[in-house]
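Remarks on the structure that follows.
The values are calculated or read from the model by the stated rules, or taken from the named source; none is laboratory data. Since the model is a prediction, treat every value here as computed from it, not as a measurement. Backbone-built Cβ (ideal geometry, glycine too); neighbour counts: all protein chains shown. Just the protein is used for accessible areas: all its heavy atoms, side chains included, with ligands, DNA and RNA removed. Shrake-Rupley method; radii C 1.70, N 1.55, O 1.52, S 1.80 Å.
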Amino acid sequence: GTSPAPGLERIRFATSHPRYFTRRLIQACHELPQVCEHFHIPHQSGDDEILKQMSRGYNMRKYRGIIDNIRELMPEATISTDIIVGFPGETEEQYQRTEDLVREIGFDRCNTAAYSPRPNTPAADRTDQVAELVKMDRLNRLNRVCLEVAEQRAQRFVGMTLDVLVEGPNPKVEGQIMGRTRHNKIAFFDGVPEERGTLVDVRVTRATASALYCERV
């Protein structure tokens, strides 16, 4: 069983390998009021064959099951991920499965990278390395999709009142401060730096892929 942690307002779930991500874990996060509604679950590729070659220990069916459980138990939660394109042998079709998955799941944020060989790994010694230009092309295309999807997803917060944990001043706009919502979204609103560490209620007036713009309530 889980019990509330005294004196802790927020517990942020850092990350989990999909192999160890169980429904019971999501249930525990759901039951603990302090656990923030955000999960970082790196999937790396949307193609089962590539995942097998990466020795990830799960397939897309398992990964989709994890997302389904989160959406069922914590529908408000944001989900972020890590993705690698251009793993040795990746075909255009396999890349496309990765891009399609971003649209299908609707990630709130994606950290993306092109594969780069790590010395003394089986993948680094493979002769079917993907050409640098192809990797960059796939990375650019994926980044466009990730931003578009994140921006669409962010619109659900517009009009909502959220509590934000203040982190400090907005370095770009004088008289504004910034912080994070429970969904791990960056929020900007009027305030003074001395409010750092406090929780402030704000209403979201505008949302982009990377931030929420808010007014105090």
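Relative to the longest principal axis of the Cα atoms of the chain, the long axis of helix 132-154 makes an angle of roughly 30 degrees.
Compared with the dominant Cα axis of the chain, that is its longest principal axis, helix 60-73 is turned about 10°.
The aspartates and glutamates within cross-link reach of LYS135, meaning a Cα-to-Cα straight distance under 14 Å and a gap of 8 or more places when in the same chain, are GLU90, GLU92, GLU93, GLU99. When peptides 193-200, 75-82 are sorted by average Cβ neighbour count within 10 Å, with the highest value leading, the order is 75-82, 193-200. Temperature 20 °C, viscosity 1.002 mPa s: under these conditions the Stokes-Einstein estimate for the chain, based on its Kirkwood radius over C-alpha pairs, is 113 µm² per second. When the Gaussian network model of the chain links Cα atoms closer than 10 Å, the mean-square fluctuations of ARG182, ARG19, ARG153 top out at ARG19. Ligands, DNA and RNA left out, the accessible area of the range 59-151 computed with a 1.4 Å probe is 52% carbon and sulfur. Among beta bridges from DSSP that stay inside the chain, the antiparallel ones total about 60%. Convex hull volume per residue, computed on the Cα atoms of the range 97-217, equals 147 Å³. Of the residues ASP68, ASP190, ASP128, the one that moves most in a GNM of the chain with alpha-carbon contacts below 10 Å is ASP128. Here is how the number arises for the chain: DSSP H runs of 4 or more residues each give -39500 (n - 2.57), the sum is divided by the residue count, and the result at 222 nm is -9500 deg cm²/dmol. Taking TYR115, TYR63, TYR20 as the candidate residues, the one with maximal mean-square fluctuation in a Gaussian network model of the chain, Cα springs under 10 Å, is TYR20.
Ignoring aspartates and glutamates fewer than eight residues from LYS172 along the same chain, the ones with Cα atoms less than 15 angstrom from its Cα are ASP190. Can you tell me the orientation of helix 92-105 relative to the chain, as the angle in degrees between its alpha-carbon axis and the longest Cα principal axis, to the nearest 10? Long axis of 92-105 versus the principal axis of the chain: about 20 degrees.
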